[in-house]
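The values are calculated or read from the model by the stated rules, or taken from the named source; none is laboratory data. Quick caveat: nothing in here was measured; it's all calculated off a predicted structure. Cβ placement follows ideal geometry from the backbone for every residue including glycine, while neighbour counts extend to all protein chains displayed. Surface areas here come from the heavy atoms of the whole protein model, side chains and all, with no ligands, DNA or RNA. Shrake-Rupley method; radii C 1.70, N 1.55, O 1.52, S 1.80 Å.
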Amino acid sequence: MSSEQTPTPEAEAAEEAGPRPGRLTAAAALAALEGLALVVGGAWMLVEGLTGHPDDQTSAVTGGVTLIVLALLPLLAARGLLARRGWSRGPAVITQIMALPVAYNLLQADSVAIPAGIVLAVVSVTALVLLVNPTTTRALGIRGPGRAEK
């Protein structure tokens, strides 16, 4: 077997299309940042649930594992965006839409969670704007409805 991989038609098209737009890279970075934040939050909940004294150990462990599993969605989306895969925009948009109610709930708290809500809201809205930008859409090879391939 050869150590070289045969390039896929998608990879060849991406290379022909030129360098990756900065908007696409920024959207991928924001999705990856959210995924990493979910992993860190999940790991913290998991460790606290196992070593600390939570009110409900089962809920803490389950919540931690759930956050870590949920982190897969934005992390896979970020990887797909960097590789210019058209399928990756859907999971990235879903991640941002799911983050907006979380940001809203954080903003309603009377605690130190308010700054976190502001940051999450700004990141989510920024990522959504970047993901629906025509430059990003073209770079991912996504065509609108009714547009035939050339």
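Run down Pro54, Pro134 and say which single residue is surrounded by 15 or more Cβ atoms within 10 Å (Cβ to Cβ) and without any contact (Cβ under 8 Å) to a residue 12 or more places away in the chain. Steps first, please.
Details: Pro134 fails: surrounded by 15 or more Cβ atoms within 10 Å (Cβ to Cβ).
Answer to the selection: Pro54.
Quick one: which of Thr58, Thr126 is of a type in the set (S, T, N, Q) and either touching a strand residue (DSSP E or B) at 6+ places or on another chain (Cβ under 8 Å) or closer than 30 Å to Arg20 by Cα (or both)?
Values: Thr58 fails: either touching a strand residue (DSSP E or B) at 6+ places or on another chain (Cβ under 8 Å) or closer than 30 Å to Arg20 by Cα (or both).
Of the residues listed, the single one that is of a type in the set (S, T, N, Q) and either touching a strand residue (DSSP E or B) at 6+ places or on another chain (Cβ under 8 Å) or closer than 30 Å to Arg20 by Cα (or both) is Thr126.
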Taking region 2-27 and the residues there that are modelled with pLDDT under 75 and not in a helix (DSSP H, G or I), the one that is most open to solvent (accessible area, probe 1.4 Å) would be Gln5
If I ask for residues that are at pLDDT 90 or above and β-branched (Val, Ile, Thr), which ones from region 28-66 would you list?
Val39, Val40, Val47, Val61, Thr62, Val65, Thr66
Conditions: (1) free of Cβ contacts under 8 Å to residues at least 24 places away in the same chain; (2) open to solvent by less than 60 Å² (accessible area, probe 1.4 Å); (3) closer than 22 Å to Pro21 by Cα. Trp87 meets all but one. Number of the miss?
(2)
By residue number, the members of region 109-126 that are loosely packed, with under 12 Cβ neighbours inside 10 Å and more than 19 Å from Leu36 (Cβ to Cβ) are Ala109, Asp110, Ser111, Val112
Unique match (being open to solvent by 20 Å² or more (accessible area, probe 1.4 Å) and modelled with pLDDT of 95 or more) among Leu106, Leu72
Leu72
If Pro101 satisfies every condition in (1) surrounded by fewer than 13 Cβ atoms within 10 Å (Cβ to Cβ); (2) of a type outside the set (Val, Ile, Thr); (3) within 24 Å of Ala28 (Cβ to Cβ); (4) modelled with pLDDT under 95 but one, which is the exception?
(4)
